[in-house]
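What follows is a set of notes on a single structure, which appears directly below.
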Amino acid sequence: MKNRFTFSPFRNAVLKESHRESWTVLGANANVGDDGMGVMASGGCGVVVACPGGVRVLPESTAMAQTENATHVAVRGSDIVVLGAAGLSMHGSGGIHTMPNPVAQCVSLHLHPFARSLVGLCALDAIVVADFDAQATRVRIDAPTLNAHFQSFAFSLGHAATIAASSKDNRVRLFDVRDSGKEAAVSEPHHMGVKASSIHWINDTALLTAGFSKMRDRELALWDSRSMAKPVVNYKLDTSTGRLIPLFDPDSGLLFVTGKGDSAIRTYEVSQTALTATPNNFILSQTINNAVLVSKHALNVMDCEVARLMVLASDMQTLIPISANILRKNKMDFQQDLFPDTFSDEAIMSADSWFNGDVPSRIKIKLDPRAQSGSLTEAPARPSTTFTTSTPAPAPLPVPVHPSPLSQQSSQASISRPFVPYQPVPLQAPAPITDTRVSPQSVRSSTTATEKPSDPKLEQSTPSQSSPKTAPRFSQPAQTTHSTFKYIQGTSTPHLFDLKTGNPTLPNECCFLDVNGPENLAAFPVSGGGGRICICPTSQPGRFPAKLPCIVTGSEISDFGWSTQSKKSVLYTLTDDGILRTWQLSSLEMDLSQDLTEPRDTLKVNPGKSGVLAIHPFVEGLVCVSSSDPRQLALRCWDACGKVMVWEYALMEAVLCAAFSSDGEVLVSFGKDGKVRVLDAKKGSLLEEGVGFEGVKGARVAWIPGTQYFAACGFGRANQRELKVYNSKNLTQVAVIGVEMSPSLITPYVDDSLPIIYLVGKGESYIQIFHIDIPSSESTGTTPVKLTKCATYTSPHPQLAVSFLPKSACAVRDVEIATGFRLFATGLERLSFKLPRLRKEVFQDDVFPALRLAKRVDFGAWIAGGETNAAVDWDVVDLCPEGMERLSDVKSAGTPRESQTRSSVTVAVELSEAKKKLAAMEQMKRLAMADDGKMVQDLQEGVDEDEWD
């Protein structure tokens, strides 16, 4: 019981993405296996990636001859086995050794942990253990039945005498390799999904499997090899289509879990009977295709780096290191509790000795940098490494290699040279994705790199050997350290709770939450017949009423939205019967106990089924609707007040989304035909047409106020979600990034006055925040548009929708730059995004510029204004509260202070800690002064002696 409340020091491991200078750009797309994932592995020699020009060994960027078209790679220490079109080849300090491929269709490849020349191959119909020395197959394990094709396998960690395999019949089987592959145990069916599962050994007796359930839930299962009837632990992660990638570190007991197409990395602590989630989940700036764990020799142990992941991004060219560090105050000394002696991954015996039953004597290595000598805690005699092959080893051949920014070696370099341990060396990213702004971290890293001694082999290469690099499909978000919005802090507080009605199933084109500005009325659809929309006041927090106040449209809802130009709360609803209904609502006039069924006005806008609804920003009653009837597909612009159709634009495919520009002059729409169109808002004529999104699941668009640019989110290939920024003048894609792979549609919300984009995904528990850097009008036109990922807000509840309030609702005294509401399954939360500032007593005019708002215009006056838009008047609204001093005036009149040379976040934290300590001291002083030495019982009145019986 004494260890009941002790915690592992690895529980608080913090994942951190490295700077862009440390990313590796391959110069060519990595080879893709049958599962759609990049072919890569990791070991003592470094990270091995298969490319079209040959297998690359990083960080030295070594290319190995005769390794073209590699489909599988495996690493053990300094030995690398490659499976390609020419067969199997082993590369190591002993040279190159080849043998024919013993299987027809390989799905997995592993080197034996201890025997030098043994390699295991898993095909659909058999698992084969081949021997490079004997040039033959030593063990063959056939699939039990035709419906039990193998999917993955793994050697055990103890004596490596047991092979665990997962098969298509959803069972886990154990085989004894030394006993001619005899089946030792079989489990009950598990991971009932149709997709392949993977299997991994945790220790000598524990197994971990990753797969899918029948409902496409991604699962992790922990097994005990001594009792394989059922799993010890079954853990459901989430619902997604990407294959799980579990990475286990046996020294720390940490399990890092990600998936193909994900951007999140989860961390778990694994024991013999438990799988415990840690609170340190991580969101990467890129989507992940594959990932491996780097060897322990490459870790920066003096910085308490307990693990490092090497992630292959979805562009198939970029390798991103991610470090897992433990926060310790003292980093001057080696932390022995974090870095125990680790097992070496080098082979230690021959294949014949292992098959004869010899017990491997494993070697342990100290990770303490000061232990330069005697680092092996157990060093048995190792026979010399000699391989005998029936054919002489071929000489290394020159292969075309895409040079790496790290080093450019001659194509005639010998492959037989010894491999060096992996060391983290910073790489310079290529020009298409490099941030031109210079940060102090990049200056320091470049200075450190120049101080290291240069390699003579690197100086022999000439610039003429470099081949052109192809730009990645998605530009990477710039990681700038001086962005004003890098430290945005998002918080949420419960506002309305106990929502008991379910949420209806609506099309992707429909809005799910909209909160208006005048009275803060929240509108969101609820389940029930007749197209019900709940109208709930949000002025006061509390509990949802038992009887929700709703409007009943009478037909299924296609889309809805509040009017932005009306002084009163006017709601437009578009339904499947093609009718646009206008509702005039007020929290003071509404009867909250009865449903509202009679709208103020109705208008038949479509002859058939309707699609999306777009409301003009300042013209009263001007709306644009789309028809989703296959026989009459069109965009129609209506004057709802005058009940007159302004124009109609015929289409061949349905519309995914549409929105008016901030100046009200043009309308942009995305269609299922993969096209984006810009139409004249007054005439309906086509101004521009360009390339939209390849996917047809849905799209969302939002204009960037005061500019000619708009941001759109949709789906690309294979459910890859994309964020694109277009120039409306010519519809060029000035910025494109891949967000992540998921079936959920994301919606972009652009700030009214700041260049910030909030990406909100339905069913997700986080909001990603991007800063968009748009060149000024005075620029020459060559300055690119840059997207910088600022922060990520996370919440424990998956969200259904988010609605932001106007800028006037923000608490500018608290430097609140955005506020709104967040709808989830059982309630409504108040969202707040703030910037940490030291001097909140002054108005932060650098993040609160004056707003330019258009006054309400009648439709007739707007049409008569012509192309000059003369009927529109603009108001400039200053958000500075009365009597509050501006920050720009303080900076211009004051002198530089000491705290201005430091980070405002650091100073604010220090002042907060000082205030806490001062308050605690004052409390102790008051308690000490109030103590007069008397006890409580001394103040009680007693009983006289004569009163006792």
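Could you list all residues from region 227-246 that are open to solvent by less than 40 Å² (accessible area, probe 1.4 Å), among the aliphatic types (A, V, I, L, M) and touching a Ser or Thr at 6+ places or on another chain (Cβ under 8 Å)?
Matches in region 227-246: Met228, Val233, Leu244, Ile245.
Is there a residue in region 79-89 that is under 23 Å from the mean Cα position of the chain (by Cα), at pLDDT 85 or above and buried (at least 20 other Cβ atoms within 10 Å of the Cβ)?
no
If I ask for residues that are within 17 Å of Asp169 (Cβ to Cβ) and crowded, with 16+ Cβ neighbours inside 10 Å, which ones from region 187-202 would you list?
Within region 187-202, Ser187, His190, His191, Gly193, Ala196, Ser197, Ser198, Ile199 meet the criteria.
Name the one entry in Thr553, Thr505, Thr501 that is surrounded by 18 or more Cβ atoms within 10 Å (Cβ to Cβ) and either over 30 Å from Leu853 (Cβ atoms) or not assigned by the TED database to the domain that holds Ala702 (or both).
Exactly one residue qualifies, and that residue is Thr553.
Only one of (1) out of contact with any Leu (no Cβ under 9 Å at 6 or more places or on another chain); (2) assigned to a strand (DSSP E or B) is not met by Gly695, so which one is it?
Every condition holds for Gly695 apart from (2).
In the list Arg631, Arg581, Arg600, which residue meets the criterion of being crowded, with 21+ Cβ neighbours inside 10 Å, over 39 Å from the mean Cα position of the chain (by Cα) and without any contact (Cβ under 8 Å) to a residue 40 or more places away in the chain?
Exactly one of Arg631, Arg581, Arg600 is crowded, with 21+ Cβ neighbours inside 10 Å, over 39 Å from the mean Cα position of the chain (by Cα) and without any contact (Cβ under 8 Å) to a residue 40 or more places away in the chain, namely Arg581.
I'd like to verify a number: residues in region 92-137 that are in a strand (DSSP E or B) and of a type in the set (S, T, N, Q), how many? Lay out the reasoning, then the answer.
Let us first name the residues in region 92-137 that are in a strand (DSSP E or B), namely 92, 95-99, 106-111, 115, 118-123, 126-131, 136-137.
Filter once more, keeping what is of a type in the set (S, T, N, Q): 98, 108, 137.
The qualifying residues number 3.
Conditions (1) within 23 Å of the chain's Cα centre (by Cα); (2) crowded, with 21+ Cβ neighbours inside 10 Å; (3) not in a loop (DSSP other than H, G, I, E, B), marked per residue:
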| residue | (1), (2), (3) |
| --- | --- |
| Gly642 | no, no, no |
| Val646 | no, no, yes |
| Phe670 | no, yes, yes |
| Arg721 | yes, yes, yes |
| Lys729 | no, no, no |
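Which one is farthest from Asp875 (Cα to Cα) among residues in region 653-666 that are crowded, with 23+ Cβ neighbours inside 10 Å and touching a Phe, Trp or Tyr at 6+ places or on another chain (Cβ under 6 Å)?
Among those residues, the one meeting the criterion is Leu656.
Return the total of residues in region 704-719 being within 25 Å of Val646 (Cα to Cα) and either free of Cβ contacts under 8 Å to residues at least 40 places away in the same chain or surrounded by fewer than 16 Cβ atoms within 10 Å (Cβ to Cβ) (or both).
1
Hey, among the residues in region 92-115 that are modelled with pLDDT of 85 or more and touching a Ser or Thr at 6+ places or on another chain (Cβ under 8 Å), which one's nearest to Phe343 (Cα to Cα)?
Once the filter is applied, the top-ranked residue is Ala115.
Of the residues Thr241, Thr145, Thr209, which is under 34 Å from the mean Cα position of the chain (by Cα), of a type in the set (Ser, Thr, Tyr) and in a loop (DSSP other than H, G, I, E, B)? Break it down stepwise before answering.
Details: Thr145 fails: under 34 Å from the mean Cα position of the chain (by Cα); Thr209 fails: in a loop (DSSP other than H, G, I, E, B).
Of Thr241, Thr145, Thr209, the one residue that is under 34 Å from the mean Cα position of the chain (by Cα), of a type in the set (Ser, Thr, Tyr) and in a loop (DSSP other than H, G, I, E, B) is Thr241.
Which residue, of Asp131, Asp142, is surrounded by fewer than 21 Cβ atoms within 10 Å (Cβ to Cβ) and modelled with pLDDT of 85 or more? Spell out how you get there, then give the answer.
Values: Asp131 fails: surrounded by fewer than 21 Cβ atoms within 10 Å (Cβ to Cβ).
That would be Asp142, the only listed residue that is surrounded by fewer than 21 Cβ atoms within 10 Å (Cβ to Cβ) and modelled with pLDDT of 85 or more.
Mind checking which strands (runs of 3 or more DSSP E) fall wholly inside region 814-870 and carry at least 1 residues that are open to solvent by less than 50 Å² (accessible area, probe 1.4 Å), in contact (Cβ under 8 Å) with a residue 12 or more places away in the chain and among the acidic types (Asp, Glu)?
By residue number, 816-824, 827-834.
Output the residues belonging to region 343-358 that are open to solvent by 30 Å² or more (accessible area, probe 1.4 Å) and under 40 Å from the mean Cα position of the chain (by Cα).
Phe343, Asp345, Glu346
Among the residues of region 689-703 satisfying the criterion of being of a type in the set (A, V, I, L, M) and within 14 Å of Thr747 (Cα to Cα), which is least open to solvent (accessible area, probe 1.4 Å)?
Out of the qualifying residues, it is Ala699.
All but one of (1) more than 29 Å from Phe512 (Cβ to Cβ); (2) touching a residue at least 12 places away in the same chain (Cβ under 8 Å); (3) of a type outside the set (A, V, I, L, M) hold for Lys807, so report the exception by its number.
(1)
Would you call Gly542 open to solvent by less than 50 Å² (accessible area, probe 1.4 Å) and free of Cβ contacts under 8 Å to residues at least 40 places away in the same chain?
So Gly542 fails the test.
Quick one: would you say Arg218 is out of contact with any helix residue (DSSP H, G or I) (no Cβ under 8 Å at 6 or more places or on another chain) and at pLDDT 90 or above?
Answer is yes for this residue.
Filter region 203-216 for residues that are surrounded by 16 or more Cβ atoms within 10 Å (Cβ to Cβ) and either within 18 Å of Pro743 (Cα to Cα) or aliphatic (A, V, I, L, M) (or both) and give the result.
The first filter runs over region 203-216 and keeps only residues surrounded by 16 or more Cβ atoms within 10 Å (Cβ to Cβ), leaving 203, 205-212.
Once the filter is applied, which keeps residues that are surrounded by 16 or more Cβ atoms within 10 Å (Cβ to Cβ) and either within 18 Å of Pro743 (Cα to Cα) or aliphatic (A, V, I, L, M) (or both), region 203-216 yields Ala206, Leu207, Leu208, Ala210, Phe212.
The values are calculated or read from the model by the stated rules, or taken from the named source; none is laboratory data. Just so it is clear, the model here is predicted, and its values are computed rather than measured. Don't worry about glycine lacking a Cβ; one is built from the backbone with ideal geometry, like all the others, and counts go over all protein chains shown. The area values use the complete protein model at the heavy-atom level, side chains included, leaving out ligands, DNA and RNA. Shrake-Rupley method; radii C 1.70, N 1.55, O 1.52, S 1.80 Å.
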